[in-house]
Amino acid sequence: MSPSQVEAVQQRDTVLSVKNLVTHFFIREGEVHAVDGVNLHVEKGETLAIVGESGCGKSVTALSMLRLIASPPGKVLSGNVIFQGQDLLHMKQSQLRKIRGKGIALILQEPMSSLNPSWTIGRQIMEAIELNQGIKGKEAKEKAIEMLKLVRIPAAESRFNNYPHELSGGMKQRVMIAMALACRPQILIADEPTASLDVTIQAQIMELMKQLKREIGTTVILITHDLGVVAEMADRVTIMYAGQVVETADVFSIFHNPAHPYTRGIVRTIMDLKDKNHRLEVIPGDPPNLLNPPPGCRFNPRCAFAKEICREKDPDYKRVKGSDGRWVRCHFPLI
Amino acid sequence: MTNAEDIIIVKNLIKHFPVRGGLMGKPTSWVHAVDDVSFTIKKGQTLGLVGESGCGKTTVGRLVLNLIKPTGGEVYFENKNIYDKKQCSEKEFRKCAQIIFQDAFSSFDIRKNVESIVGEPLVVHGLAGGKELKERVAELLRTVGLKPEIAREYPHTLSSGQKQCVGIARSLALKPKFIVGDEPISALDVSVRAQVLNLMRDLQEKFNLTYLFISHDIRVVQYLSNYIAVMYVGKMVEMAPTEEIFAHRLHPYTEALLTAVPIEDPRLRRPREILQGEVPSPVDPPPGCRFYPRCHYAMKRCKEEDPQLVEKAPGHFAACFADFHSSERII
C-alpha cells in the first residue's frame, strides 16, 4: 500500500487507525504468520466489527494494538497503531499504561479467566476506578456500585461483596463490562463478548451494550465470528481471513453486496440455512496453515473465481473504485 | 401413539442425578435433569432438540442411546424396550444406534491412526478383518467425502472439518439406523459448517437414517429438522413440525428463545422483547411451571401446578396454562 492510500484510509473523525500491522509467532515448527499487514480504522462513535473464523488473526490484531502479545513466542514485527496522534507501538510502557483502560479498554471472551477469583467483584471494579480516576475509598465504592447498576446487576449493593464464582456467566460478563466502562474509555474492544453465553443471555448482553453505547457514546470494536451478532450490532465490518483483512464495508454491503468471494461464501452459508430445500453452498477445503500460507492470494485454493494471477500475486488491499469507503483485497472483486 | 413408522418412542423419561454431600456421601438433593419427557421420531426423519445449556438435552440423547440408565420411563427402538435386555440386547442395539459428538477429536485415541479409529467398531463386533477391514474403512471414508489415503494419518494432523467427518465415518461403520448428533456442528467454523451439514443430509437420504439432532443453534436445527422440540430445565415445553413452530409459538419460552437469536440480516434489525433473568437451577425445582419466574403471562395457577404437554393444535404440543399464541414470523 502506498503512503497516499494509507492517508486515504484515515477520515476526519478517525479515532484509531492500524497501519500495516504484522505480528508473527516464532514456535518450534517455524514462523506463524498470524497477522500479516492489517489495515483498519475506527470512526468516532461507531461499532466496527472485526469478523473471521478461529485462527484468522482477529484477536491477535486486538492484542497487538495494546501490546499485549506474549513475547516470546509472539512479536509485533512492524506497523503503526495511531491513537490520539500517538503511535501505541512505539511509546514507553508507562505512557501506554495510561492509555490502557482509560483510552482503550478490553473485555475478553472468558470472563472467569479475566476476573481474580480471590477478590470480590466490587473490589476489582474499585481497583479499576482508583487506578484510573484518582478517587479512593468510599467515593470509589459508590462509583463501583453505580457501575454495577449501570450494567443492570440486580441488588448491586449486596452483589458488590460477591466473589466471581458466585455469579453466573452472564453476570460475570456484565461485571467485565462494568469494569471496562468504569474508566470511561474512548474505545471499548470486546473480543467475543457473548460467545460463551446462551442465546437469551447473549440477547441481554447485546441489548445492554447497545443501550450503554447510546448513553455513554463509546466507540466499540467488536471482535466476533457470529454473523448474527454482526448484523445486529455493527455499523461497519472488517472481514479477516488467514491473517489479512480481505474486505471492509458498511454492514449492509457486507450482507447484501459483498465484494470478496470469501465474504460472499460465509454470508451465503448462513443465509441459505433459512431455505430447507436449498443445498448449502460450500467453501471447499479448510483455512490455510499460517506456518506456511499459500503463495498469491491466501484464499485462492478455496476460491471459485481464482485465476492464474491469484495463484501468483498477493492482491493489494485497495479502495473499491467509486465506492464510499469500501476496501477489498482481491484481483477480481465481485462488485 | 404407536405407529409402524415410529422408530423411536420415548415415554415419560425421567433422569435425576444425586447431589452428594455430608458424612456418608448420601444424596442431599437431586438434579432433575430430565423430567417426564415423551416424544416419537419417525423413520428417516429428524427431531431437533433445542434449549439452553443445562436444560437436559444432552442427557436425553444419552438416555435414548442407553448410555445411562433412566430414573423412570421407557424408550422403544423398533418397538423393543431398550432398557429390557430380554427384548433388546445391548450389543445389537449398539449396531443400530450411534452418536456423533461435538468434539470428535476428544473421542479419538490419539495414538491410533484414522484406519483403526474408523475400523474399531467393525473389529469389536467381529464384522470385518484384514483386507476386508481396509476396504470397508476406505469405503466409509469415501462416503463422508474424504480421500481413502487419509486412513494412514493420525488425528492431530487433520483439520477440524476432517476430524468431524472421521467421527461421522466411525458412527456409520456399523450401518446404524438411528444417530444422535450432540452439537455436531457447533465447534466448526462457518466456512466448514456447510460441508458437514450437507454431508449429514446426504447420508440421511442415502441410508434412510433417523436423527435426533441436539443443538443450541436454532438456525442449524431449522435447516436440518422435520420437528423441533424445545426443552427448559428438564421439561419439554413445546414440540411441533419445524415450519409450524417458526410460524406459530404456543409457549412463551419458545417465543423468547427463537426471538433471542440474532437475525443475520442488518435490514431486519428490530426492537425485541428481551427475556429477563436467568435459567433457574434444576436442583430440587419448586412445584409449578419452571418458566413461571421469568414469564410475562404467568398466572397464580402456574406457580402451584405443573402444566402438562398437550396437543393444542394438530401435531403441535405445548405445556402452558396461558392461552399464549404468537404468529409473528421468525425468519
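The values are calculated or read from the model by the stated rules, or taken from the named source; none is laboratory data. Worth saying up front: this structure is predicted, and the values here are computed from it rather than measured. Here the Cβ positions follow ideal geometry from the backbone for every residue, glycine too, while neighbour counts run over all protein chains shown. Protein only, heavy atoms only, side chains kept; ligands, DNA and RNA dropped before computing areas. Shrake-Rupley method; radii C 1.70, N 1.55, O 1.52, S 1.80 Å.
The residue that is surrounded by the fewest Cβ atoms within 10 Å (Cβ to Cβ), counting only those in segment B:89-133 that are assigned to a helix (DSSP H, G or I) and among the polar types (S, T, N, Q), is B:S106. Among residues that are free of Cβ contacts under 8 Å to residues at least 40 places away in the same chain, open to solvent by 20 Å² or more (accessible area, probe 1.4 Å) and within 14 Å of another protein chain (Cβ to nearest Cβ), B:S159 is included. Which condition number does A:A304 fail, the rest of (1) within 14 Å of chain B (Cβ to nearest Cβ); (2) without any contact (Cβ under 8 Å) to a residue 40 or more places away in the chain being met? The one condition A:A304 does not meet is (2). Of the residues making up segment A:186-206, those that are in a loop (DSSP other than H, G, I, E, B), open to solvent by 10 Å² or more (accessible area, probe 1.4 Å) and more than 10 Å from chain B (Cβ to nearest Cβ) are A:Q186, A:E192, A:A195.
Residues are listed down the side, and each one gets a yes or a no for (1) at positive phi; (2) at pLDDT 85 or above; (3) out of contact with any helix residue (DSSP H, G or I) (no Cβ under 9 Å at 6 or more places or on another chain); (4) not small (G, A, S):
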{"site": "A:G134", "(1), (2), (3), (4)": "yes, no, yes, no"}
{"site": "A:G137", "(1), (2), (3), (4)": "yes, yes, no, no"}
{"site": "A:A140", "(1), (2), (3), (4)": "no, yes, no, no"}
{"site": "A:I145", "(1), (2), (3), (4)": "no, yes, no, yes"}
{"site": "A:A156", "(1), (2), (3), (4)": "no, yes, no, no"}
{"site": "A:N161", "(1), (2), (3), (4)": "no, yes, no, yes"}
{"site": "A:R174", "(1), (2), (3), (4)": "no, yes, no, yes"}
{"site": "A:A180", "(1), (2), (3), (4)": "no, yes, no, no"}
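Taken as a whole, the condition of being more than 10 Å from every other protein chain (Cβ to nearest Cβ), among the basic types (K, R), out of contact with any Phe, Trp or Tyr (no Cβ under 6 Å at 6 or more places or on another chain) and surrounded by fewer than 24 Cβ atoms within 10 Å (Cβ to Cβ) applies to B:K206. For B:E278, the criteria (1) out of contact with any helix residue (DSSP H, G or I) (no Cβ under 7 Å at 6 or more places or on another chain); (2) under 23 Å from B:D35 (Cα atoms); (3) surrounded by fewer than 20 Cβ atoms within 10 Å (Cβ to Cβ) hold in every case but one, which is (1). In the set B:A151, B:A169, only one residue is within 25 Å of A:T269 (Cβ to Cβ), open to solvent by less than 30 Å² (accessible area, probe 1.4 Å) and more than 14 Å from chain A (Cβ to nearest Cβ); that residue is B:A169. In segment B:209-234, of all residues being among the polar types (S, T, N, Q) and within 30 Å of B:P285 (Cβ to Cβ), the one that is nearest to the other protein chains (Cβ to nearest Cβ) corresponds to B:Q222. Among the criteria (1) open to solvent by less than 20 Å² (accessible area, probe 1.4 Å); (2) within 25 Å of the chain's Cα centre (by Cα), the one A:A140 does not fulfil is (2). Of all residues in segment A:67-81, exactly one satisfies the criterion of being open to solvent by less than 60 Å² (accessible area, probe 1.4 Å), in a loop (DSSP other than H, G, I, E, B) and touching a helix residue (DSSP H, G or I) at 6+ places or on another chain (Cβ under 8 Å), namely A:I69. Residue under question is A:L89, and the condition is that it be within 14 Å of chain B (Cβ to nearest Cβ), aliphatic (A, V, I, L, M) and open to solvent by less than 30 Å² (accessible area, probe 1.4 Å); does it hold? No.
Let's see how each residue does on (1) touching a Ser or Thr at 6+ places or on another chain (Cβ under 9 Å); (2) at pLDDT below 95; (3) within 8 Å of chain B (Cβ to nearest Cβ):
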site: A:H260; (1), (2), (3): no, no, no
site: A:I266; (1), (2), (3): yes, yes, yes
site: A:M271; (1), (2), (3): no, yes, yes
site: A:P293; (1), (2), (3): no, yes, no
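Can you confirm whether A:A178 is within 27 Å of the chain's Cα centre (by Cα) and assigned to a loop (DSSP other than H, G, I, E, B)? No, not satisfied. Screening A:A155 against (1) farther than 30 Å from A:T200 by Cα; (2) of a type in the set (G, A, S); (3) out of contact with any strand residue (DSSP E or B) (no Cβ under 6 Å at 6 or more places or on another chain) leaves a single unmet condition, (1).
In summary, A:D235 fulfils each of the numbered conditions (1) farther than 26 Å from B:V221 by Cβ; (2) of a type outside the set (S, T, Y); (3) surrounded by 22 or more Cβ atoms within 10 Å (Cβ to Cβ) with the single exception of condition (3).
Of all residues in segment A:239-258, those being touching a helix residue (DSSP H, G or I) at 6+ places or on another chain (Cβ under 7 Å) and more than 7 Å from chain B (Cβ to nearest Cβ) number 7. Kindly indicate whether any position in segment B:75-86 is touching a residue at least 24 places away in the same chain (Cβ under 8 Å), touching an Asp or Glu at 6+ places or on another chain (Cβ under 9 Å), within 28 Å of B:D306 (Cα to Cα) and not in a helix (DSSP H, G or I). Yes, segment B:75-86 contains a residue that is touching a residue at least 24 places away in the same chain (Cβ under 8 Å), touching an Asp or Glu at 6+ places or on another chain (Cβ under 9 Å), within 28 Å of B:D306 (Cα to Cα) and not in a helix (DSSP H, G or I).
For segment A:305-334, filtered to residues that are among the charged types (D, E, K, R), in contact with a Phe, Trp or Tyr (Cβ under 8 Å, 6 or more places away or on another chain) and outside any loop (DSSP other than H, G, I, E, B), the residue that is nearest to A:R236 (Cα to Cα) is A:R319.
Screening segment A:159-179 for residues that are open to solvent by less than 10 Å² (accessible area, probe 1.4 Å) and among the small types (G, A, S) and picking the one that is nearest to the other protein chains (Cβ to nearest Cβ) gives A:G170. Just to be sure before I move on: is B:V137 modelled with pLDDT of 90 or more, crowded, with 19+ Cβ neighbours inside 10 Å and among the aliphatic types (A, V, I, L, M) in the structure I sent? Spelling it out, B:V137 is indeed modelled with pLDDT of 90 or more, crowded, with 19+ Cβ neighbours inside 10 Å and among the aliphatic types (A, V, I, L, M).
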